[in-house]
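Report on the following structure.
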Amino acid sequence: MKTCSSENLVGGEISNEWTAIELTGIDRPGLFSEISAVLTELKCNVVEAHAWSHNARIACIVHVSDELTAGHINDPGRLATIEDHLSTVLRADTTTSHDDLSGVATGSPSSDGAVTHTERRLHQLMLAERDFDTPISSPPHKGVDCDEGRKPIVSIDQCHAKGYSVVQVECKDRPKLMFDTVCTLTDMQYAVFHASAVSHGSTASQTLKRENEYRRWRRQWLLLQEYYIRHMNGCSLNTESEKQHVVKCLEAALERRVCEGILLELCAHDRVGLLSDITRLLREYGLAVVRADVVTHGEEAINVLYVRDISGNTVNMEIVDSMRRALKPLTIEVKNESPRPGSTDRSYFSFGDMLKSQLAREPLPQLYFNKVRTFFL
């Protein structure tokens with residue numbers, strides 16, 4: 001357990017308007033709801049929150065302000081009380097041997113006052129929580145891409161001539177894929193000297209007709225990443241155990257953003273206890289939050305929650321409709337995180353999207369080979 005200065009915060013800026021709280025521990029259904037409820041009871045208003053869960057672990061970064069002053073919390077006694085209550089919630093489940101890894105920290109995790117990107121920090125917290133290990137008490141994590149059932153493939157070879165280890169990663173293309181990979185390698189103290197990335201279609205997709213089945217083809221883009229790395233001490237990966245450790249950590253990093261279930265986007269006028277009320281209702285309807293991105297813009301709160309059925313079944317949309325009626329007048333938008341067959345709705349950039357403008361001018365097999373090869377670093 002550690003307490004740091006509340007003046008230095010995680011997430012891209014330093015603010016006197018809120019205090020940062022970091023939480024890590026063993027995940028369980030309803031835990032995010034319990035955390036939100038405790039913060040409300042302690043008169044803390046949630047300004048922003050980001051939570052990831054993977055492989056029965058959870059990492060969460062919450063920015064809170066004082067309910068009365070609307071400013072940051074700097075009283076040491078109150079910060080200690082917040083840490084104590086949240087620690088009790090995190091350690092309520094004593095059935096796991098990993099309970100000693102749970103922890104709460106207020107303020108910045110960096111002793112030098114440096115500011116860390118929120119998602120980068122979430123990767124660091126999950127890595128420290130060892131989410132790459134499968135808990136004995138939990139079933140193995142599926143580790144698949146949402147709509148293709150494809151597990152990321154990570155392999156490591158040696159480039160003896162240059163003294164590099166060559167890390168190859170192949171998985172379905174998605175936003176922030178390279179960010180997740182590079183952050184993990186860097187946090188594991190590996191330097192990337194050269195890298196390349198190629199987006200291409202699978203073997204099956206190359207046989208499809210371009211005009212009639214483009215939609216199906218578009219969903220099958222894969223990204224092949226290749227990194228030439230050495231440890232910060234100048235050594236390559238020499239032992240098999242070290243290679244396997246890097247493989248497991250990269251697989252976990254690529255799986256953290258992959259969420260089974262549905263995405264709910266709830267917009268409402270911001271108020272103290274809003275997140276607690278929303279997550280409590282989700283819990284009552286048998287839905288568990290597996291990822292959360294909560295932000296406030298002025299007086300509006302935007303809650304983006306990835307949820308799944310607690311029992312592991314497909315989310316019943318009738319339950320979602322009932323919840324929508326119960327949450328009126330909140331605006332709720334329901335999105336399937338797994339794209340339906342034939343869907344081309346994408347609001348983000350990926351390497352596959354770079355090829356759209358070329359479809360009418362070049363045959364598919366030559367397109368991915370000739371046009372998209374990006375080098376960096």
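Summary table below
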item	result
Interchain or long-range residues, amide H under 5 Å from residue 47's placed H	63, 64, 65
Calculated from backbone phi, Karplus (6.51, -1.76, 1.60) coupling profile of the range 58-70 in Hz, x at Gly/Pro	9, 10, 9, 10, 10, 9, 10, 10, 6, 4, 7, 9, 6
32 Å Cα-Cα threshold exceeded, pairs from 172/243; 43/176; 162/248; 43/328; 248/335	43/176
Residue 331/residue 226 FRET efficiency (R0 35 Å; Cβ-Cβ; nearest 0.05)	0.20
Debye, to nearest 20: dipole size of the range 276-325, +1 on Lys, Arg Cβ, -1 on Asp, Glu Cβ	180 debye
Residue 84-residue 269 pseudo-label distance in nm [points 7 Å out on the Cα-to-Cβ vector]	3.7 nm
In Hz, Karplus ³J(HN,Hα) per residue of the range 306-322 (6.51, -1.76, 1.60; θ = phi - 60°; x = Gly, Pro)	9, 10, 9, 6, 4, 7, x, 7, 5, 5, 7, 5, 5, 5, 5, 4, 5
Listed residues 120, 57 arranged by accessible area, highest first, probe 1.4 Å	120, 57
Peptides ranked, highest mean first, by Cβ atoms within 10 Å: ranges 278-289, 189-200	278-289, 189-200
HN-Hα J in Hz across the range 234-243 - Karplus 6.51, -1.76, 1.60, θ = phi - 60°, x for Gly and Pro	x, 8, 8, 7, 9, 9, 5, 5, 5, 5
Residue-level accessible surface for residue 297, protein heavy atoms, 1.4 Å, Å²	120 Å²
Gained length - residue 17 relative to residue 186, 0.36 nm times residue gap less alpha-carbon distance	57.7 nm
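The values are calculated or read from the model by the stated rules, or taken from the named source; none is laboratory data. None of the values given here were measured: they were computed from a predicted structure. Glycine also receives a Cβ, built like all others from the backbone with ideal geometry; neighbour counts cover every protein chain displayed. The area values use the complete protein model at the heavy-atom level, side chains included, leaving out ligands, DNA and RNA. Shrake-Rupley method; radii C 1.70, N 1.55, O 1.52, S 1.80 Å.
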